[in-house]
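Quick notes on the structure that follows.
The values are calculated or read from the model by the stated rules, or taken from the named source; none is laboratory data. This is a predicted model, so every value here is computed, not measured. Heads up, the Cβs are rebuilt from the backbone with ideal geometry, glycines too, and the neighbour counts pull from every protein chain shown. To get the accessible areas, we keep the full protein, side chains included, count just its heavy atoms, and leave off ligands, DNA and RNA. Shrake-Rupley method; radii C 1.70, N 1.55, O 1.52, S 1.80 Å.
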Amino acid sequence: MTLTRTKSGLQNLHILKGVDLVVYTEGGEQRTFTKEEVLAGAGHQKSVDIRFWKQMFARFLPGKNVKFLSVGSCTSLNKIALDIAEGDLKNVCVAMDRDYSAFWGNRVEHRQIVRTRTYSWENELFQTDVVFRAFEQLVMGPIYLLDP
């Protein structure tokens, strides 16, 4: 027997998990879950996307106890985002890459839908100034670039 949650069950999942907020992200180890599978409780516990978003939430919402689940591609996230925008989900957040959703005209805007500033979280990290600052912290000193 498979337990399936309704949208209101998803709304109350934070109570079952003992957290303030449940955040769904892209990514995942091996597969993408459908919205129906997510409603049934599916989601990866670990992914590189979760590692990125966990740091963002810790930085910008430091007092919140958050549970992260990655569901794979943004297709399922977009369906959850529509439920959020319709006002059906209060303790649920979707965190995703900006990608091309505005170009295709299917971007859903809501304060519980969080996107990267650039195309993807990888683009957020792999910028010259970010890489140099991280390297400087590792080597404990400034980097001096020499022109060839």
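Mind checking which residues of the stretch 39-89 are over 17 Å from residue 116 (Cα atoms) and of a type in the set (Ser, Thr, Tyr)? Correct list: 76 only. Do we find a residue being of a type outside the set (S, T, N, Q) and modelled with pLDDT under 85 anywhere in the stretch 65-86? Yes, some residue in the stretch 65-86 is of a type outside the set (S, T, N, Q) and modelled with pLDDT under 85.
Looking only at the stretch 37-55, residues that are charged (D, E, K, R), open to solvent by 30 Å² or more (accessible area, probe 1.4 Å) and not in a loop (DSSP other than H, G, I, E, B) come to 3 in all. Could you go through the stretch 63-75 and let me know if any residue there is loosely packed, with under 13 Cβ neighbours inside 10 Å and of a type outside the set (Val, Ile, Thr). Yes, there is a match, as at least one residue in the stretch 63-75 is loosely packed, with under 13 Cβ neighbours inside 10 Å and of a type outside the set (Val, Ile, Thr). Look at the stretch 25-48: where a residue is within 14 Å of residue 81 (Cα to Cα) and a partner is at pLDDT 90 or above and of a type in the set (Ser, Thr, Tyr), sitting 6+ places away or on another chain with Cβ atoms under 9 Å, you get 25/70; 26/70; 38/24. Among the numbered conditions (1) of a type outside the set (Phe, Trp, Tyr); (2) at pLDDT below 70; (3) surrounded by 13 or more Cβ atoms within 10 Å (Cβ to Cβ); (4) within 26 Å of residue 35 (Cα to Cα), the only one that residue 94 does not meet is (2).
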